[in-house]
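Each remark here refers to the structure printed beneath this line.
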Amino acid sequence: MKFRPVLGGVAAAAPLLGTACADDDDSTEDEVAQLCSDLSAVASTVEQIAGQVDPASTTVGDVQSALSTLESQVEAVQDEAVDVADSVKSSLQTAFRADFEQAFSRALAEATSVPTA
């Protein structure tokens with residue numbers, strides 16, 4: 001079987017999966033926390049698979065089962081990443097609107113104020 005080199009490479013990259021979880025915006029805290037949890041589950045599964053693959057005793061069924069679990073976890077990461085992106089987009093739009101309205105109101109007030117001589 002040729003699974004060991006591939007799984008070893010993925011296992012080596014597993015610690016990098018948590019890097020995105022270091023700093024979050026409060027408005028997306030729940031979504032990011034879930035994404036980090038999902039990423040940790042993927043990393044844990046990859047490390048577990050890499051540590052258990054023995055070419056002499058691992059069956060096709062074992063590999064299929066492990067890959068099925070990993071596939072479900074990756075799908076959860078993808079779904080949560082969409083939720084985080086939507087939340088960040090919404091937060092940015094809200095902040096932009098608030099800043100724009102404030103700047104527009106300030107500019108309008110300055111443009112319509114009557115200078116005193």
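The values are calculated or read from the model by the stated rules, or taken from the named source; none is laboratory data. It should be emphasised that the depicted structure is a prediction, and the values quoted were computed from it without experimental measurement. When we count neighbours, we look across all protein chains shown, and the Cβ atoms used for this are built from the backbone with ideal geometry, even at glycine. To get the accessible areas, we keep the full protein, side chains included, count just its heavy atoms, and leave off ligands, DNA and RNA. Shrake-Rupley method; radii C 1.70, N 1.55, O 1.52, S 1.80 Å.
Taking the inverse of the average 1/r across all pairs of different Cα atoms in segment 50-90, what Kirkwood radius in Å do you get?
Roughly 12.3 Å, rounded to one decimal.
Give me the dipole magnitude in Debye, nearest 20, for segment 45-105 about the Cα centre, with unit charges on the beta carbon: positive for Lys and Arg, negative for Asp and Glu.
Dipole of segment 45-105, to the nearest 20 debye: 180 debye.
Over segment 60-117, what percent of the accessible surface lies on carbon and sulfur atoms, probe 1.4 Å?
Summing carbon and sulfur atoms, their accessible area is 59 percent of the total for segment 60-117.
Provide the packing ranking of 30-37, 100-107, 61-68, i.e. peptides ordered by the mean count of other C-beta atoms within 10 Å per residue, highest first.
Top to bottom by mean Cβ count within 10 Å: 30-37, 61-68, 100-107.
I need two numbers for segment 77-117: Rg to one decimal and Dmax as a whole number, Cα atoms only, in Å.
Both quantities, over Cα of segment 77-117: 18.2, 64 Å.
Applying a 10 Å radius around every beta-carbon, put 85-97, 69-81 in order of their mean neighbour count, most first.
69-81, 85-97
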